[in-house]
1. Quick test of your reading of the structure: B:A232 fulfils all but one of (1) within 28 Å of B:V7 (Cα to Cα); (2) over 13 Å from the mean Cα position of the chain (by Cα); (3) surrounded by 21 or more Cβ atoms within 10 Å (Cβ to Cβ). Name the failing condition by number.
2. With A:L103, A:L113, A:L90, A:L138 as the choices, which residue is in contact with a strand residue (DSSP E or B) (Cβ under 8 Å, 6 or more places away or on another chain), more than 9 Å from chain B (Cβ to nearest Cβ) and hydrophobic (A, V, I, L, M, F, W, C)?
3. List every residue pair whose Cβ atoms lie under 8 Å apart, where the two residues are 6 or more positions apart in sequence or sit on different chains, the first residue falls within region B:130-159 and is under 14 Å from B:L238 (Cα atoms), and the second residue, located anywhere, is part of a helix (DSSP H, G or I) and among the hydroxyl-bearing types (S, T, Y).
4. Please name all residue pairs, on different chains or six or more residues apart, with Cβ atoms under 8 Å, provided the first residue is in region B:186-202 and is free of Cβ contacts under 8 Å to residues at least 40 places away in the same chain and the second residue is aliphatic (A, V, I, L, M).
5. Return only the number of the condition from (1) of a type in the set (V, I, T); (2) surrounded by 18 or more Cβ atoms within 10 Å (Cβ to Cβ); (3) more than 11 Å from chain B (Cβ to nearest Cβ); (4) more than 20 Å from A:G73 (Cα to Cα) that A:V235 does not satisfy.
6. Since A:P167 meets every condition but one in (1) away from every other protein chain (no Cβ under 14 Å); (2) at pLDDT 85 or above; (3) buried (at least 19 other Cβ atoms within 10 Å of the Cβ), which condition does it not meet?
7. Of the residues A:V317, A:V282, which single one is more than 7 Å from chain B (Cβ to nearest Cβ), within 28 Å of A:I190 (Cβ to Cβ) and touching a residue at least 12 places away in the same chain (Cβ under 8 Å)?
8. For region B:51-67, indicate whether the set of residues that are under 19 Å from B:F190 (Cα atoms), buried (at least 24 other Cβ atoms within 10 Å of the Cβ) and in contact (Cβ under 8 Å) with a residue 60 or more places away in the chain is non-empty.
Amino acid sequence: MAGPQTLARRQAPRDRAWMASGAAVLLGVVAAVVLPQVLELFALINATVFVSMAVLALSLALVWGFGGILCFGQAAFFGLGGYAYAVAALNFSDTTFAVPVALLVATAAAAVLGYIMFFGRISDVYVGVITLTVTLILFNFANSTAGDEWRIGAAPLGGFNGIPSTPLLNVPGEPGAGLAPEAIFRIAVIALAICYAIARLVLRSRFGRVVVAIKENELRAELLGYDVRLYKLGVFSIGGCMAGLAGVLFANCVFVSPTMFSLSYSAQVIIWVMVGGLGTLVGPILGCILLQMLTTWAGTLRDINPNVILGVILMAVVLAVPRGLLPSGIALLARFRRGPPR
Amino acid sequence: MDLAAAVLLQAVAGVATLLIVSLGLAVIFGMMRVINLAHGEFLMLGGYATVLSVRAGASVWLGILVIAPAVVGAVGFVVERLLIRHLYGRMVDTMLATWGLSLALIGGVTMLFGDSVSGFSAPFGSVPIGRFRISGYSLFLIAMAGVLVLGTWLVLRFTRAGLIARGTMQNPDVAATLGVSPARVYAVTFTAGAALSGLAGGLIAPVSGVLPTMGTAYIAKAFITVITGGAAILAGTLSASALLGTVSTVATFLTTPVFGEVVLLIVAIVLLRLLPRGITGRFLRRAL
């Protein structure tokens, strides 16, 4: 789809990935220092939600845009990460080890699901159907866990209501010292920057190049001797881990509930990636933040349902800018700079 | 004995519902390779068309059997013109565009009619089976599923339009050289599929109640049934809904409705793992 883009990026100097990663982390640190001083508390918590969603969008950008795996169930790993974090934190009454547990659970779930799919030679739409189905199973299951018999250790699963008592992150090793919303925002922004850096560096590595090669032409990559199944599994697991991290961050500004597994989250991530630009990493992050601001704004309108706006945008983007905002914007800019054709 | 008969009938009714709900999607997917994610909302529109016409004083049968398919068929015609036509051959893009359509329809209907359940009571009352009673309407649903499958089969197998449709499905280029316009065939197919979805929406309305988000409860199941069925429209949908419907009804009977749904989904995953191209990718390959 966005083939030429990924190819062009591959020819760029190797060190650009390092520079971009460094710049992203720097930008993250600056945002983490400056924004909490500018924004009010409510806006800050909202911004934390946006950033956690941006991590989710980034994970799908990697899996779909570069791995070519259309995953309709990125929300499954997002929700699993959130639930694992909440359950672990309530049981340990300390979040130090809850975060690694959450990442591990999400990664393991992605690895198992990926193994079933890729080693079963399932591809295309069928991957979409299976990931969607798994998400629906989790959604149904999480919704039916009301009542006292559904608890893991000290953590009640709470069915439809979720776990409103999801604990906030504390200073590592000091369970009593909970972090303020400002600190959680800083952690989220820096986590986003680090995830971006990791994604850039993964794509720059030998592994990443093979993954992109498989996306461009699976048969050719296979004939060249690469084990396609293994590389797909690898990138899918990395994506699952990132989505789990997004779930942890989300749990820290809202709380975990079955809606994390809902169709609307799965749908929204795909919309963000598509609108931002498939085959880029920055595009989906921008698309995510832009559309969330739009949705928040649309939610304040009394006469128009926000779903209408989202739906119309999605249709318009697919019809008018199928490559997404960022690639189309860059192409437009390049044409402008080159001047009119002679 | 009575219990066995009642459970059996319940299972057949479950299969029939799944079949009715999936058929419109299967026609569109099988003929055009277009996955219509707004299918659930087509069902919802059919439900609303029926409820509104019943409220306006029309008879229940007129609402379900005529008004619902006509209204949704018209919607489908417009959607094909404005949206689907520009995206042929781009499967993922059509999925995303129809997803957008689905969101917009949910939002729009919520704005028009509000977020509450409306409906009307099912005709026919209940029928005794020994010590148990089963609703007469589920017997009607079973009959309707039979009529729909038979009707689709007859049209595809024995009419000129069906022949042209099957030919275009197999090879649009050859059909075009022979003087058939694939674009027109696709337009008619999409409209017919939408009308079938509308009819399905009208049929399930008395059972499920009508609300803007009712489509989301069915789209995943219909989608999974069609994909599990594979390429053959009727044989695939029939076999997949027979299998999944029976499994989920039995599991629901033994445990809870939620668990029944979960079992349906798990069976679908296992099946796709074993038969990656659907049931008719392996068996009954030459079936319709």
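1. It is condition (1) that B:A232 fails.
2. So the residue among A:L103, A:L113, A:L90, A:L138 that is in contact with a strand residue (DSSP E or B) (Cβ under 8 Å, 6 or more places away or on another chain), more than 9 Å from chain B (Cβ to nearest Cβ) and hydrophobic (A, V, I, L, M, F, W, C) is A:L90.
3. B:A145/B:T17
4. B:V188/B:A161; B:V188/B:A165
5. Status for A:V235: all satisfied but (4).
6. (2)
7. Every option except A:V282 fails the conditions.
8. no
The values are calculated or read from the model by the stated rules, or taken from the named source; none is laboratory data. Note that the structure is a prediction, hence the values are computed from the model and not measured. Here the Cβ is made from the backbone with ideal geometry for all residues, glycine too, and neighbour counts use every protein chain on show.
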